[in-house]
Amino acid sequence: MTNVINALLSAGISNDSIQTTSYSLNPVYSNPVNQSVPPSIIGYDAVNAIQVTLSGLGSVGKVLDQAISAGANQVQGITFTLSSKAMAALQKQALQLALQDADTQAKATAATLGVTIVGPISVTPGYVFQPISYSRFSAAPQTPTPIQPGTLQVTATVQVTYQFS
């Protein structure tokens, strides 16, 4: 793993963008043909997993290739998400649109029923964000590994209770 991390650092990825997510060490046992002989430890299986956070989509394939060339033998998957700042801006925009839609629907309901809207009694916002994940793979990479990010979606829902007169 040291070689992989050093390759990532040499590629310009900051140390803060590389994080250990799990580490395990498990015994590997012999499987004797003779059932009267108990299994014995013949070695150990070590798994050291890291997460790398990148801010640019263009470098994902190149970084994967560098990590694999440096000795990484499993890639658990790729997840595309948004920065906290971008997420906050999109949630605000989605909430504004959801509130406008609720207001339009309330006005249409009031007009249909022949009543007047007094105002909202309660407002309960909610958000849905679906990151895009790519499944685990461990094939020999092409040069460079093609990565297609797709589209991220941020959705706001709002439940507004209005008082009518």
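Please treat every number below as a calculation from the coordinates, not as lab data. Note that the structure is a prediction, hence the values are computed from the model and not measured. Cβ coordinates were reconstructed from backbone atoms using ideal geometry, including for glycine residues, and neighbour counts include every protein chain displayed.
In the range 59-122, inverting the average of 1/r over every pair of distinct C-alpha atoms gives 16.5 Å as the Kirkwood radius. Over all alpha-carbon pairs in the range 1-76, figure out the percentage whose distance exceeds 22 Å. Tail of the P(r) past 22 Å holds 39 percent of the pairs. Using a simple spin-label model with pseudo-atoms 7 Å out from Cα toward Cβ, S165 and S36 lie 9.7 nm apart. For a straight C-alpha distance cut-off of 16 angstrom, the aspartates and glutamates reachable from K92 (same-chain residues fewer than eight places away being disregarded) are D101. Place a point 7 Å from Cα of K107 in the direction of its Cβ. Which residues in the range 83-99 have their backbone N less than 15 Å from it? What the label zone holds, given the 15 Å backbone N cut-off, is 97-99.
When Rg and the Kirkwood Rh are both derived from Cα coordinates, the Rg/Rh ratio for the chain amounts to 1.26.
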